[in-house]
1. For the charge dipole of the protein assembly as shown, defined by +1 on Lys and Arg C-beta atoms and -1 on Asp and Glu C-beta atoms about the Cα centroid, which residue among D:LEU52, D:ALA155, B:VAL57 has the Cα displaced farthest towards the positive pole?
2. Rounded to a whole number of µm²/s, how large is the Stokes-Einstein D of the stretch C:239-373 at 4 °C and 1.567 mPa s, given Rh as the Kirkwood radius over C-alpha pairs?
3. From a point 7 Å beyond the Cα of A:TRP211 in the direction of its Cβ, which residues of the stretch C:101-120 have a backbone N at a distance under 16 Å?
4. Rounded to the nearest Å, what's the spacing between the alpha carbon centres of the stretch D:106-161 and the stretch B:341-357? Just the number, please.
5. What do you get for Rg/Rh of the stretch C:155-268 when both radii come from the Cα atoms and Rh is the Kirkwood radius?
6. Lysine pairs in the stretch B:70-391 8 or more apart or on different chains: how many have alpha carbons under 17 angstrom apart?
7. Enumerate the calculated ³J(HN,Hα) couplings along the stretch C:67-75 in order (Karplus 6.51 cos²θ - 1.76 cosθ + 1.60, θ = phi - 60°), each rounded to whole Hz, writing x wherever the residue is Gly or Pro.
8. Would you grab the residues whose amide H sits under 5 Å from the one on D:ALA57? Only those 5+ places off in sequence or on another chain, please, with H modelled 1.01 Å from N.
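Coordinate-derived values only; no laboratory data. For clarity, every value in this text was computed on a predicted model and none was experimentally measured. Neighbour counts are summed over all protein chains in view; Cβ atoms, including those assigned to glycine, are modelled from backbone coordinates with ideal geometry.
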Amino acid sequence: MKHMDPNFRKDTKTEFPQREELKPRKVTTPDGQVIDIEPLQDYFCQEPPKVHQKSYFKIVEDFYNWCRAESLWILAFGTGCGAIEMRPLMTPRFDAYRYGIQWRATPRQANLLMISGYLSVKTLKRAIRTYEQMQGPKYVVGLGSCTINGGMYWDSYNTIKKLEEYLPVDLYIAGCMPRPEALLAGFMELKKKIKAGNAEGANKYAEKFDWYKANQKAVIKDWDMPDYNW
Amino acid sequence: MFSFQPDRSQYPAPGPDGKLEIDLETGQYLKLWQGPNHPGMTGNMSVELTVCGDEVVEGKTHVGYLHRGFEKLMERRSFIQCFPIVCRICVPEPDFNEYCYAAAVENLAGIEVPEYANWMRTLILEMGRFNSYMMAIGGMSGALGLGVVGQWLTYVRDIMLDRFEELTGARIYHMFILPGGVRGHLPEGFKDRMEEVLKTAERYLADVDKVMFSNAVYKRRTKGVGYIDPKLFEPYGVTGPNARAGGVAKDVRKDAPYLVYDQLDFEVPTETASDIWARTNVRRRDIDVSIDLIRQILKKFPKGGEVMAEIPNVLHWKIPRGETYIKGESSRGEYGYYLVTDGSGYPRRVNVRGPSYTHAMALLELLIPGTNISDVAALMVSLHTYPPEIER
Amino acid sequence: MSFKDVLSPFTAWKHVLETPVTIKDPLTREAADRYRGFHKNDIELCIGCSSCEAICQNAAIDMVPVKDPKEGDSGLRPQIDYGRCCWCALCVDICMTGSLTMSNEYIWFDEDPDAFRFIPGVDAKSWDSSEKGYRREGGRRLSGTERVEMREMEPDLRIGNFDEIVAGYDRAEAVLEADRCVECGLCVATCPAHMDIPDYIKTIREGDYEHGLELLYNSNPFSEVCGRVCTHNCETACAARHEGDPIAIRWLKRHITDQVPYDRYVDIVGKPDLAKTGQKIAIIGAGPGGLTAAFDLARMGHAVTVYEEKEKPGGMMRYGIPEYRLPYESLDRDIGVIEAMGVKIKCGVRIGKDISMEKLKADNDAVVLAIGLHLGRSTRVPGSESPDVEKAVELLRRITAGEEVPVPKKVVVIGGGNVAMDIARSMARLQKQRHGEVGITVTALESFDHFLADEEEVVESREEGIEILDSRGPQEVITVKSGKNKGKVKGLRTWRVDSIFDEKGRFNPHYDEGDEMVHDGEMVIEAIGQVSDVSLLGEKLTEALEWNRGRVKIDHDGRTSEPWLWAAGDCVKGPDVINAVADGHRVAQSINQVLVAMREAKA
Amino acid sequence: MMQAIYDRLKDRFQLGALDVRSRKGLAFVDLRREFLRPVLTELRDVEGFTHLILLTAVDWIEDERFQLTYLLNNRQKNLDLGLRLRLDRNLAIGETIHDLWPTAATYQRELREMFGIAFPGSPRVDEEFILEGWTDMPPYRRDFDTLAYSQQTHADREGRETSDPREFMKQILYPKD
């Protein structure tokens, strides 16, 4: 960690006026209601998720887990460069479909969120929304250096460093970016983990929801989202 | 639910009939967001569409989902340290960044690159262009629901990636073009293996011609859609295949030959219709040019030689004050690096001029109104944009 | 659009019968030979220079201590964080030894994000034995491997005089050479005086010579001297040595002193507050050790007097090193700086004769013994007592002092060290001046594989027409038995050496008596080592001091068993300038501590 | 060729010296603010520099100046011309040229966000472009320290420590000297 430019000034005391969009304001909704909105507040995810209870019988739970493991449905949301190596997996050469892995267009149908590399703050916000829209049990896999410790954007003002502070990560795959074969190997490992009943990321998220939210809010200033749900 | 528009007075863009103001409260219009996850193959960006029925009356592009602040990061990395990060700006065709950055540094530092390295660079750029087009055409077919072409071309791209891997040591981010030269020689038997790839590609492309370009549905959906008036090319900074599809044979390889392009024999394909069909067709024909170029390059490739010029010790490499702009023709249009140095060991400012910057912002917003929702994805892919070039 | 267009997509069905392109078992697929996979490090080769850390733009590499480092390495090894790495392999490209490479393995997953950190080569990994993977092509290219050649006087021009041979770098050459330095700092530990080598090399690159000079004089008052004649141990530790030439650290040091005008020296070095402590120190011997201690102590504010037996100060630097290697004016300039610090140098004073040790002890708070090695050793072979058999140090002293020395046409030198080369080359110059031709034979005990003298000295001697024979053990100095020249030396008889040391490592040469040679010469010069002249100590002190193999015994700080007496330089350690300088610093530091303690005790 | 164009324009618009040091076919020239629009119009309509390649800024913080670079291309003659305009850093207001090249609006939006240079009149110039909810100073300014910001906002993974070989060897081998 040598070679830092000593000429760089560290003075960030200068106050900059808050942008207009971030100030609280009144808005008229399409049905004529006037409502106050506070952009810095997260309206969408106030309600904490619930811990998914295990089945009483181990054999039933094992069966469930086998089912979950053998149908890893990945959300087709490439958050960073790593997404490009998923394309070969979707096509005949590497053919992940034979392992029960396929890509879905909507979070409602997917149970695996791939964070394929760096997450800019703007995308992190969407990734969190997406994750919360997915149905449990759900899993997160972090791809490449960027999700582990910031990767090559370790000094960027706009990318996060430790993914596990914002989303519960079940598995990391090293590489920049990991090859399709490494991804497949990672999926196999995730399957093993699910079958053993160890992939408890979603439950962790529910249990430590406040902690995750606090971390998320420390980074994301503007929670005002485009209204996808209209 | 609510909607917020910062300033209504900035409307109206005229509606489909030229009169209506867009007033969301009438219930006649609907906001529809496309993205930010990949719509087709164009990377993470979103288009905020206002639709009336299935007709889009307004579109705004939103970018920044992939912003990492490259230009800032490079200001605090030494000249050699910038080399591994520049390629990350563009995933489908990373080599162009490597070349432009290296050439800009060499230009300001006054380094003459050996002949062998120039040939190698040209080879790599053409291989990258080939790959990029494969993604573009695969994406184009995917955007119109023609999945099989995407499957084929991803395979073709993948066997080209194998050649990349063998040559450079990596599949996606090759990091082979160092400031000063390239990192190595051609491996044994590379030419033969490359010829196999090209033959396979040609076989698949012949099928693509039949399945995609002669497809009645494809033709119906692309011909006449997304027309760009050639008069808009200059004001909107349209370059590359998008301009060539409108009859302007803009190509930096011909206009201002760099590397060894002046020693190669090729024609720049053009079309006149300037619609989605024409743009895709230009890319399709450019693949043939690329294949031909790769063959020519390998045929004329120097037997051996130095791969790198003498460069100073990179750990304390300082470049005198100056500024330069280096450009080249990427698969999407004119790609350029504007590099300013101040005599220190770090770049003062790097500005990456990606073709997507102009294509995906102002131009796309201009083209979207009046199209069908289902054509928006095709329109975006036909411009062949890649968001990280916009936001970097 | 035609009916054909509707049908043509159906041609895709022909692929139904093709073999699928699917890879059967993608999990075991091997990457390409050049693939940049996970890192490997040849731990034996690695020297821990941290160039990899310096070049890594991702701050992915930390240098962490490892157990049992080998000689000359930093004891650190790179630890790589795969939460940062981008597999650009710049670390492999810059690696100074070529130890860092990459395998073509690429599968690593873990649920613990802290697990992706390892020390290649130390933490066992499955890819350690992998033969394939990225290697840089050709040699190191990101930093220079070839030394900028030093311009020297041609042999036939230099042989007839004592002019300095080496020209010194000009600015462009020096910058080029300084540019090769990777600032690892391994040399600092190897330099006996621990000079700030990377820092002063940096000042050359930046053109800030005055700062460079300041750095030099902070750790070495004999920078001009060392810039010419230093034994440059630093260059043996240089990271650049492993795949190329080491940085010419000595010449770069000289370049700095060449660039700064002499009248700026004292200002840059900084003149101390004279004798503010009121404490006095006497130093016996104005050689590098004594004068360095004097320089330091004067700068600490003490009153220092140096006593020198000979006519001029400098010790072996003046009387041992020939002028063509070290011009006297360079030495005088360094001594001038030291004198400017307020050090008094009294020449021509012999302790024990002119002033007694007791008086010195009584008049001063501390005394430093820095008397060097000025007596030559004898081989004690038959005939060596002849008046035509000279000792090298004695002869060198006489040449410097301008005394008349006999210069016969044929001379034989016994010895293979730098002193042997010095006397041989000095005599060669005198022969050239007097007789017009060189006739010198050097017979060394050691073989060329284990030669004592510097490589460049041997090369230059040969260029000057000196014959050097290795593995020759002297047996007898042959004298004329009868006639007018009875008693005169006429040659040296030597046997071939089979081995120098016995199994226990003791000096016990073994000769091949069948291989006998007689080297003609009217003079034989012995250059096989020196001893101290400790007669000045007097009987009482000699008794009182503890001794170690004929040298005064000292502790780490240079203190003898007598609390008021310190010893430094060749007479206790050695034998070169830079070691003496380091000794001088150590002694000065120690004396200062004691004196400060004394002051505080009084106050 | 570049010289001829420069000679034609030099006196009319009080241009600075022509800087052709970099590569062939590329030149930079200093421009005074009041001549920006006339020069751009002249270059576009008369001299054939119809293509605006890029518009960007360089922060010369030590001079308290922003440099705006307008890079134009003449395809027929294969010439690139960069116009350099200096702005006061404390009063960073540029002149919008979106009516000359509509694509300039995007560049101006970026400059507004990343450098804090205002372009009054440029369409949507004050809307968020790349960043979302940014509350600090514009990040491309030289005095914005991205490393410090990143370390404060996004914590590093703990447990990493490095040693400098020189210091380390001193500690181990000769702590007393």
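1. Projecting each Cα onto the dipole axis, the largest value belongs to B:VAL57.
2. For the chosen part, D equals 79 µm²/s.
3. Answer for the stretch C:101-120: C:112-114.
4. The two parts, judged by their Cα centres, are 17 Å apart.
5. Taking Rh as the inverse mean 1/r over Cα pairs, Rg/Rh reads 0.97.
6. For the stretch B:70-391, the number of qualifying lysine pairs is 10.
7. Values, residue by residue: 6, 6, x, 8, 4, x, 10, 7, x Hz.
8. D:THR69
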